[in-house]
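Trainee: Before anything else, here's the structure in question.
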Amino acid sequence: MLYPSQPKNSKRNLWNATVICVCCLTISSSLISCGNSNVVSAPATNTLSATSESNDVHYTVADLVDLDLSSYGIPVITKAPKGSKVMKYAASGEISVYGGKFFKITFSQMDGALDDNFTLIKEMVSDKELNPSFDKFEAEEKYSFLKKNKEGKFAFSCALQSGDKTIFIAEGMAYDISPDKFTDYSPEDVKLMYEAAKATVLK
């Protein structure tokens, strides 16, 4: 596999760690998983039922409330629909928030400085050789971006620094533990999740 402008010497270990993290984020965002034997599920208050009609709601920003993920190992307060379900991957510590069919976001952590990690992630997702479907960044901020592919599908990444770790937030969750499996998100769905991710703060 070819990687864009691989750093040399002192940055090689950081690059390798970032490649691993990107692979994990890509798997989560693509809703693909190899198994759920190491997944621990735990509900937030008023957990949504897998058969609830509210699972099909297309939410607005006004529908989002605070959700504290610190008890799941991610020291943040994020935004999510009321009654969202939280799932923790026991092996990796990755957290997914399920607010219904059209609201799924995943939190992961990696070692290292925010500036270095976010820069490398952004370079990789926009590299046309590594990701030929990439079209453009629809929105960009210091530690977040919303990107669009050539088919018009949107995806995002947001990042925060917590101690010696970088917390990454992306849309989607693993296919095999999602109550409704695959979701074909509209641009508006992804933009809402992006707003929720950007509103996330450290606890």
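Trainee: Largest first and to the nearest Å, give the Cα extent of segment 141-203 along each principal axis.
Mentor: So the three principal-axis extents are 35, 27, 17 Å.
Trainee: Now for a different question. For the pairs LYS85/LYS191; LYS88/LYS136; LYS79/LYS128, flag any whose C-alpha to C-alpha distance is greater than 30 Å. Walk me through the intermediate numbers first.
Mentor: On the way: LYS85/LYS191 20 Å; LYS88/LYS136 32 Å; LYS79/LYS128 32 Å.
The pairs that break the limit, which is 30 Å between Cα atoms, are LYS88/LYS136; LYS79/LYS128.
Trainee: As a footprinting exposure proxy, order VAL57, VAL76 by other Cβ within 10 Å, with the fewest listed first.
Mentor: Details: VAL57 16, VAL76 19.
With the sparsest Cβ surroundings first, the list reads VAL57, VAL76.
Trainee: Something else about it: On a C-alpha basis, how far is the centre of segment 163-203 from the centre of segment 124-143 in Å? Whole number, if you could?
Mentor: Here the answer is 17 Å between Cα centres.
Trainee: Here's a follow-up. How long are the semi-axes of the equivalent ellipsoid of segment 52-203, defined as square roots of 5 times the Cα gyration tensor eigenvalues? Whole Å, largest first. Mind showing how you got there, number by number?
Mentor: Values: eigenvalues 100, 81, 39 Å².
Over the Cα atoms of segment 52-203, the semi-axes work out to 22, 20, 14 Å.
Trainee: Next question, about the same structure. State the answer as a single residue: which of LEU114, ASN149, SER126 lies farthest towards the positive end of the charge dipole of segment 93-156, with beta carbon charges of +1 for Lys and Arg and -1 for Asp and Glu, about the Cα centre.
Mentor: Going by the charge dipole, the pick is ASN149.
Trainee: Would you mind putting 103-111, 185-193, 173-181 in packing order, based on average other-beta-carbon counts within 10 Å, highest first? If you can, show how the numbers build up before the last one.
Mentor: Numbers: 103-111: 22.8, 185-193: 19.0, 173-181: 16.8.
Top of the packing list down: 103-111, 185-193, 173-181.
Trainee: Given +1 on the Cβ of Lys and Arg, -1 on the Cβ of Asp and Glu, and no further charges, what dipole in debye does segment 95-195 carry about its Cα centre, rounded to the nearest 20? Write out the running numbers ahead of the final one.
Mentor: Values: 13 positive and 19 negative charges, 46 e Å.
In debye, rounded to 20, segment 95-195 gives about 220.
A short reminder: the numbers here are calculations on the coordinates, not readings from a lab. The structure displayed is predicted, hence computed values, not measured ones. Neighbour counts run over all protein chains shown; Cβ positions are idealised from the backbone, glycine included.
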